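The values are calculated or read from the model by the stated rules, or taken from the named source; none is laboratory data. The structure presented is a predicted model; accordingly, all values stated were derived computationally and were not measured. Virtual Cβ from ideal backbone geometry, glycine too; neighbours counted across all protein chains shown. Heavy atoms of the whole protein, side chains included, go into the accessibility calculation; ligands, DNA and RNA do not. Shrake-Rupley method; radii C 1.70, N 1.55, O 1.52, S 1.80 Å.
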Amino acid sequence: MEYDLLVRNAQLPETETPVDIGVVGARIERIGTGLPDGDRVVDAGGGLVAGGFVDCHVHLDKALIADSLPVNESGTLEEAIESIHSRKRGYTVRDVRERAIQAIEMHVRNGCTRIRTHVDVDTIGGLTPLKGVLEAREACAAIAEVQVVAFPQEGVVQDPGTAALLEEALEHGADAIGGMPDNERTDEDTQAHIDHCLALAQRHDVPVDMHVDETDDPTARSLEALASRVIETELEPSVTAGHTCALAAYNETHAHRVIDLLVEADIRMVTNPPTNLLLQGRHDQHPKRRGLTRVDQLREAGLTVAAGQDCIQDGFYPYGRASMIETALVTAHAAHLQTPAERAVAWSAVTDSAAAVMELEYGLSAGSLATFNVFEPAVTTRTDVLRAGSPPRQVVHEGRIVAENTSSSTLYASGSAMSD
């Protein structure tokens, strides 16, 4: 067997001693020792090789616009949405395309080659954001897989014309239908928003991925409404709920009632700690709410819980490096993930759990897609990756090396060498 790519001396998360990974085409052909050379040989030097990162919740159409927006003086979600309106009206397809390409490339350099992006579809920007992101997806097809969610951030009922645009977005190539039901004016409109989006998903046979109750308001109920309607309609496409910050503000009795509904509805959950730690609880008196959904209780209930970068230097979040290592680390801090088992939860949130949200094949074994990261020899465990924070040395996507990173550091004086 001649391999297209051979990675030698790879320390896998589950093995005690290094192995070789032989790749043919887009798939791993064999994992073992003493494999023959391939067309391209990479010596991992005993460094960790692990499945690639996955970002299942980001906004590529808004990426990298922070410095062109007014300052969000209140630091609230509402002001962030409003500040983006004028910028969105001035979007061009080329502008969105170029920023989205840059954000995709940032992900890839950081070892993330599979991305689900929410893209605004509304009467302010029309389909311009969608067209720009679709062009970026096509331009980056060789280095990344990008799923596009048609996202009615401005509402469906309170933004007449959006319903028709969502249909058009799906016809243009969007892969999923989004939603933001809590942004409607009344409970009745919130339910109508949910019903319209679920009907679209059923008709077009696409997944649902909504922003749900991204608020500190303990009376917010769109998560409960979504889960109840999914159960009632026996919806076939998968359903994901992102953010769900209000769940953390509920009393325990109501929270457990809602979690039971989520389990029955089999809803996948995505938390976005970088953005929500910054926005939520901002105006609380101490003690301040963390703004993070109930990661521990959702997982204990058996639900899939993933984490997303969410924002990359936009009106909601002025930071963001498209680093799923950073996202996992922030999640670990925010969700109190400390023990070895808990650290594995943080890692899973940006790898296999995120892949499950996107309904992607995931794994690192013979027959799997060859999408994985090769880390420096000094980095031998997943905890090492989180501690070091450095991107992979090689990024492999479907059998091809699509990015390489190098780093060096020189210390000219050290207090560790001391004389009498």
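Of Ala248, Ala255, which residue is among the small types (Gly, Ala, Ser), open to solvent by 40 Å² or more (accessible area, probe 1.4 Å) and farther than 19 Å from Cys56 by Cα?
Ala248
What do you reckon, is Val374 in contact (Cβ under 8 Å) with a residue 24 or more places away in the chain, surrounded by 22 or more Cβ atoms within 10 Å (Cβ to Cβ) and touching a Phe, Trp or Tyr at 6+ places or on another chain (Cβ under 7 Å)?
Details: in contact (Cβ under 8 Å) with a residue 24 or more places away in the chain: yes; surrounded by 22 or more Cβ atoms within 10 Å (Cβ to Cβ): yes; touching a Phe, Trp or Tyr at 6+ places or on another chain (Cβ under 7 Å): no.
Considered against the rule, which asks whether it is in contact (Cβ under 8 Å) with a residue 24 or more places away in the chain, surrounded by 22 or more Cβ atoms within 10 Å (Cβ to Cβ) and touching a Phe, Trp or Tyr at 6+ places or on another chain (Cβ under 7 Å), Val374 comes out as no.
Any chance region 141-154 includes a residue that's assigned to a helix (DSSP H, G or I) and not hydrophobic (A, V, I, L, M, F, W, C)?
Checking region 141-154: not a single residue is assigned to a helix (DSSP H, G or I) and not hydrophobic (A, V, I, L, M, F, W, C).
So the check is Cβ under 6 Å with 6+ separation or different chains; which pairs have a first residue in region 1-29 that's on the phi > 0 side of the Ramachandran plot and among the charged types (D, E, K, R) and a second one that's modelled with pLDDT of 95 or more and outside any loop (DSSP other than H, G, I, E, B)?
That search, which allows pairs on different chains as well, returns nothing.
Among residues belonging to region 9-41 that are in a loop (DSSP other than H, G, I, E, B) and touching a Gly at 6+ places or on another chain (Cβ under 6 Å), point out the one that is most open to solvent (accessible area, probe 1.4 Å). Steps first, answer last, please.
Step one: list which residues in region 9-41 are in a loop (DSSP other than H, G, I, E, B), which gives 12-18, 25-26, 33-37.
Checking which are touching a Gly at 6+ places or on another chain (Cβ under 6 Å) leaves us with 18, 25-26, 35.
Details: Pro18: 56, Gly25: 39, Ala26: 38, Leu35: 4 Å².
So, considering only residues that are in a loop (DSSP other than H, G, I, E, B) and touching a Gly at 6+ places or on another chain (Cβ under 6 Å), the one most open to solvent (accessible area, probe 1.4 Å) is Pro18.
Filter region 325-358 down to residues that are touching a strand residue (DSSP E or B) at 6+ places or on another chain (Cβ under 9 Å) and not aliphatic (A, V, I, L, M) and give me whichever is most open to solvent (accessible area, probe 1.4 Å).
Asp352
The rows are residues; the columns are (1) small (Gly, Ala, Ser); (2) at pLDDT below 95; (3) more than 15 Å from Leu12 (Cα to Cα).
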| site | (1), (2), (3) |
| --- | --- |
| Pro377 | no, no, no |
| Arg382 | no, no, no |
| Val385 | no, no, no |
| Pro391 | no, no, yes |
| Ala403 | yes, no, yes |
| Ser407 | yes, yes, yes |
| Leu411 | no, yes, yes |
| Gly415 | yes, yes, yes |
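Have a look at Ala150, Ala176, Ala100, Ala142 and point out the one that is crowded, with 24+ Cβ neighbours inside 10 Å and under 30 Å from Asn405 (Cβ atoms).
Ala100
Let me spell it out: the conditions are (1) crowded, with 21+ Cβ neighbours inside 10 Å; (2) without any contact (Cβ under 8 Å) to a residue 24 or more places away in the chain, and Ala322 meets all of them except one. Which number is the exception?
It fails just one condition, (2).
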